[in-house]
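Some notes on the structure that comes next.
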Amino acid sequence: MHVEGHGHSPSMALPLVLLGLLTLLYVGGVVYQTRVARRGWSRWRTAAWGAGAAVLALGLMPQYLPFPAGDFRQHMLQHMLLGMLAPLGLVMAAPITLTLRTAPAPFGRAIVRVLRWRPIRLWANPVTALVLNLGGMAGLYFTPLYMAMMTHAVLHYLVHFHFVAAGCLYVWVIAGPDPAPHRLSVPARLVVLGAAVVIHAIMAQMLYAGWFVTIPVPPHQLRRGAELMYYGGDITEMLLALAMVSSWRPRGRRFS
């Protein structure tokens, strides 16, 4: 059996509209900070949002990717854009910080209360974020979920949403500039990042070899998709590590 395309591939018009609205809100916050509040805002943060939004928009329009419809390589590239590269740009743009600076005080206090909420503290743990991020990928490629996604439009939406949300959560707790509850030290987060690199590489190698994989695509597409997963993951993790260590300010040792 060979999958020629997404049987019920849903329209991505609604996610694109939501992305456009979020981008307008972000740009509005930047304009307010620079022209009204006179506090200024980092151009790098603004550029990061623009890049992340552009990558996410491209991931939501797979017809513009350099592979034909139904090709497993197109699917893998799309999910790399949605779950890896786009979250890196969006989170490094510090949207929570911009919101806290721009929104009315009551709304800002509500955001702070949410960040202190116990379930958020659980989700904001790097290990939890790692499980949600890589666990979703493992569930997609090593269970019947992939075939189910191809035939159910609602499930297709949910899988894409999970990839974006889990990717943003992972970037936020590992290297995000926005405030996070009970953030671990940089060395501890580097350990989690190292574990992610190893697990990601193992899954890519399993996909390349076809171990425990029931995805009905030609072997050469499966191998090329696994290569995209392997090297794309390496590039993204390197960028994430660079973002994390660039903000590391070790405490100086005190001498008596």
What number goes with the only condition from (1) over 21 Å from the mean Cα position of the chain (by Cα); (2) in a helix (DSSP H, G or I) that residue 192 does not pass?
(1)
Which residue pairs have Cβ atoms under 7 Å apart, sit 6 or more places apart or on different chains, and have a first residue in segment 119-137 that is surrounded by fewer than 19 Cβ atoms within 10 Å (Cβ to Cβ) and a second that is at pLDDT below 90?
120/114; 120/181; 121/181; 121/182; 128/122
What single numbered condition from (1) at pLDDT 95 or above; (2) under 22 Å from residue 169 (Cα atoms) fails to hold for residue 30?
(2)
Only one of these conditions is not met by residue 94: (1) on the phi > 0 side of the Ramachandran plot; (2) open to solvent by 30 Å² or more (accessible area, probe 1.4 Å). Which number is it?
(2)
Where residue 195 falls short, out of the listed (1) under 22 Å from residue 67 (Cα atoms); (2) surrounded by fewer than 18 Cβ atoms within 10 Å (Cβ to Cβ)
(1)
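Could you list, in sequence order, all residues of segment 99-111 that are open to solvent by 50 Å² or more (accessible area, probe 1.4 Å) and either touching a Cys at 6+ places or on another chain (Cβ under 8 Å) or part of a helix (DSSP H, G or I) (or both)? Give the derivation first.
Here is the first cut: in segment 99-111, the residues open to solvent by 50 Å² or more (accessible area, probe 1.4 Å) are 99-101, 104-107, 109.
Across segment 99-111, the qualifying residues are 99, 100, 101, 105, 106, 107, 109.
Among the residues that make up segment 210-228, is at least one of them of a type in the set (Ser, Thr, Tyr) and open to solvent by 30 Å² or more (accessible area, probe 1.4 Å)? Break it down into steps so the answer makes sense when it comes.
To start, the set of residues in segment 210-228 that are of a type in the set (Ser, Thr, Tyr) comprises 214.
Next, from what is left, pick out any that are open to solvent by 30 Å² or more (accessible area, probe 1.4 Å): 214.
Among the residues of segment 210-228, at least one is of a type in the set (Ser, Thr, Tyr) and open to solvent by 30 Å² or more (accessible area, probe 1.4 Å), which makes the answer yes.
Which members of segment 39-53 meet the condition of being open to solvent by 60 Å² or more (accessible area, probe 1.4 Å) and either aliphatic (A, V, I, L, M) or touching a helix residue (DSSP H, G or I) at 6+ places or on another chain (Cβ under 8 Å) (or both)? Give the steps one after another, and end with the answer.
Of the residues in segment 39-53, the ones open to solvent by 60 Å² or more (accessible area, probe 1.4 Å) are 39, 43-45.
Residues satisfying the conditions are 39, 45.
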Residue check, residue 73 against (1) over 26 Å from residue 134 (Cα atoms); (2) touching a residue at least 60 places away in the same chain (Cβ under 8 Å), all met but one. Which one?
(1)
Of the conditions (1) modelled with pLDDT under 90; (2) within 27 Å of residue 96 (Cα to Cα); (3) open to solvent by 20 Å² or more (accessible area, probe 1.4 Å), residue 181 satisfies every one except a single condition; which number is it?
(3)
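Would you mind stating whether residue 175 is under 27 Å from residue 74 (Cα atoms) and either in contact (Cβ under 8 Å) with a residue 60 or more places away in the chain or not β-branched (Val, Ile, Thr) (or both)? Explain how you work it out, then say what you get.
Numbers: under 27 Å from residue 74 (Cα atoms): no; either in contact (Cβ under 8 Å) with a residue 60 or more places away in the chain or not β-branched (Val, Ile, Thr) (or both): yes.
It is false that residue 175 is under 27 Å from residue 74 (Cα atoms) and either in contact (Cβ under 8 Å) with a residue 60 or more places away in the chain or not β-branched (Val, Ile, Thr) (or both).
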Neighbours by Cβ (under 7 Å, 6+ apart or cross-chain): first from segment 228-244, within 16 Å of residue 94 (Cβ to Cβ) and modelled with pLDDT of 90 or more; second buried (at least 18 other Cβ atoms within 10 Å of the Cβ) and among the β-branched types (Val, Ile, Thr)
240/171; 240/174
Flag for residue 78 being free of Cβ contacts under 8 Å to residues at least 24 places away in the same chain and over 13 Å from the mean Cα position of the chain (by Cα):
no
Here the qualifying pairs (Cβ atoms under 7 Å; residues six or more apart or on different chains; first in segment 205-225 and free of Cβ contacts under 8 Å to residues at least 40 places away in the same chain; second open to solvent by 80 Å² or more (accessible area, probe 1.4 Å) and of a type in the set (Lys, Arg)) come out as 208/223
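The values are calculated or read from the model by the stated rules, or taken from the named source; none is laboratory data. In this text the structure is predicted, and so the values were computed from the model without any measurement. With ideal geometry, Cβ positions are generated from the backbone for all residues, glycine too; neighbour counts draw on all protein chains shown. Just so you know, the surface numbers come from the protein's heavy atoms only, side chains and all, with ligands and any DNA or RNA stripped out. Shrake-Rupley method; radii C 1.70, N 1.55, O 1.52, S 1.80 Å.
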